[in-house]
Amino acid sequence: MRPNLSIAFTGVCVIFLLSASGCLMHMDAWWPQASAERTVELEHPIAAGSTLAVETASGSIHLTGQEVDVVHVVATINARAASEEEAQALAEEVTIGFAASGSKLEIKADRPRQRKKQSISISYQIVAPRQIHVRCSSGSGSLEVTNIVGNIEAHAASGSVEASEITGSVNLRSASGSIRCEAVRAGDVRLGSASGGVKLSDAMEIGVCDLHAASGSVRARSIEAESIKMRSASGSVILTDAKAGAIDLHSSSGGATAEEVDCTQLKAESVSGGVSVTFVPSAPGDVDAELSSGSGSVNVTIPPDFAGAVDLSVGSGSIHTDLPLTIEGSIKKKHIRGTIGEGSGRLSARAGSGSIRVR
């Protein structure tokens, strides 16, 4: 038994010395280091109002609308393998083409079966007519769509998603990546990220505006819509310069802020964070506003013409108001109920742990 123990001990020492000197091979070194790149260009006519669809398992997609009548595609194929010859052969086996069916034109890639330690990524640069609908997706890579008069659907499993200068409905999703959208006209806007921030700016004549993030802040600026809904499970929610029939803001962990807003109905809530709302002077006097914070202060500047019922309460904090409030019932430190003028407006504010200020 002694010789075996000696051999085992010697082996351990050798491995330790090799590791310390940097001579030990790691699994990472076995992954293919050689790569080959190949570019394919092709085009296909497409009628106005048609749908263009493209997807890639790994790679980015950038699409721009222009005054053209064909779809022009530049596909960049990147193959990785154990040797340059193997990588080049793998890249050459990929074929890119079009598949037309009714009013839908699809960009398709046929890939060879990849053996162990081989990989293929395909990225697309696309120029298309402006008057089309776009559907694109990537398993791992960024998506960007610009200057389109049509509806946009773009989904990324891992990567950022952006859209700008769009006239039509926009639906952007990312499981892991940020969402950014700007300069949108008409249609609905739905943006969502499971892990990443969401930003929307310059969106006018919008129907439903629905923005949400599971982990990340949600921000919107210069918005006109029938309704605006913003949600974040972990991050702040900030809305600036907005006009809508109804506004609904919620943050589970972070502040909820609405600045320079004009609406007839507003709800702003934060489970853990402050709530701040400022109405524009031209906002209707009969606005219905409900504000609440589980842990944080609530601050609100109401429209100058506001008239209606006021109900303010705190669990731990103080209540301050600069307005001529007619008190109903007895005066209490933690709960004030009354009216301002005569009207059908309503202001309700709750703070579990924090103060309330009404201006």
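The values are calculated or read from the model by the stated rules, or taken from the named source; none is laboratory data. This structure is a prediction, so every number in the text was calculated from the model and none was measured. Neighbour counts are summed over all protein chains in view; Cβ atoms, including those assigned to glycine, are modelled from backbone coordinates with ideal geometry.
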Checklist line | Lone qualifier among Ala53, Ala82 - being farther than 16 Å from Gly150 by Cβ, touching a residue at least 40 places away in the same chain (Cβ under 8 Å) and among the small types (Gly, Ala, Ser) | finding: Ala82
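Residues that are charged (D, E, K, R) and within 22 Å of the chain's Cα centre (by Cα): list the strands (runs of 3 or more DSSP E) wholly contained in the range 232-317 that include at least 2 such residues.
237-251, 265-270
May I ask you to say which residue of Ser195, Ser227 is surrounded by fewer than 24 Cβ atoms within 10 Å (Cβ to Cβ) and either in a strand (DSSP E or B) or of a type in the set (Val, Ile, Thr) (or both)?
Answer to the selection: Ser227.
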Note to self: Among the residues that make up the range 87-101, is at least one of them farther than 30 Å from Ala36 by Cβ and modelled with pLDDT of 95 or more?
What the structure shows: yes
Checklist line | Options Val271, Val277; residue that is at pLDDT 95 or above, surrounded by 17 or more Cβ atoms within 10 Å (Cβ to Cβ) and farther than 17 Å from Thr240 by Cβ | finding: Val271
Checklist line | Top-ranked residue of the range 198-224 - restricted to ones that are polar (S, T, N, Q) and not in a strand (DSSP E or B), ranked as nearest to Ala268 (Cα to Cα) | finding: Ser217
Next item on the list: Among residues belonging to the range 147-195 that are among the β-branched types (Val, Ile, Thr) and in contact with a Leu (Cβ under 7 Å, 6 or more places away or on another chain), point out the one that is farthest from Ala220 (Cα to Cα).
Entry: Val161
Note to self: Against the definition (part of a strand (DSSP E or B) and among the basic types (Lys, Arg)), how does Arg135 come out, yes or no?
What the structure shows: yes
Notebook entry, point to check: Among (1) crowded, with 20+ Cβ neighbours inside 10 Å; (2) under 13 Å from Val170 (Cβ atoms); (3) among the hydroxyl-bearing types (Ser, Thr, Tyr), where does Ser232 come up short?
Noted result: (2)
Next item on the list: Find the residue count for the range 149-192, including only residues that are closer than 23 Å to Ala244 by Cα and among the polar types (S, T, N, Q).
Entry: 5
Check: In the range 318-343, how many residues are touching a residue at least 12 places away in the same chain (Cβ under 8 Å), touching a strand residue (DSSP E or B) at 6+ places or on another chain (Cβ under 6 Å) and part of a loop (DSSP other than H, G, I, E, B)?
Finding: 4
Check: Do we find a residue being part of a strand (DSSP E or B), in the same structural domain as Ser227 (by TED's automatic domain parsing), over 20 Å from Ala214 (Cα atoms) and among the hydrophobic types (A, V, I, L, M, F, W, C) anywhere in the range 115-123?
Finding: no
Next item on the list: Evaluate the range 293-308: report whether one residue or more is farther than 22 Å from Thr264 by Cβ and in contact with a Lys or Arg (Cβ under 6 Å, 6 or more places away or on another chain).
Entry: no
Item checked: Search result, residues across the range 100-152 that are of a type in the set (Lys, Arg), within 27 Å of Gly49 (Cβ to Cβ) and surrounded by fewer than 16 Cβ atoms within 10 Å (Cβ to Cβ) -> Lys104, Lys108
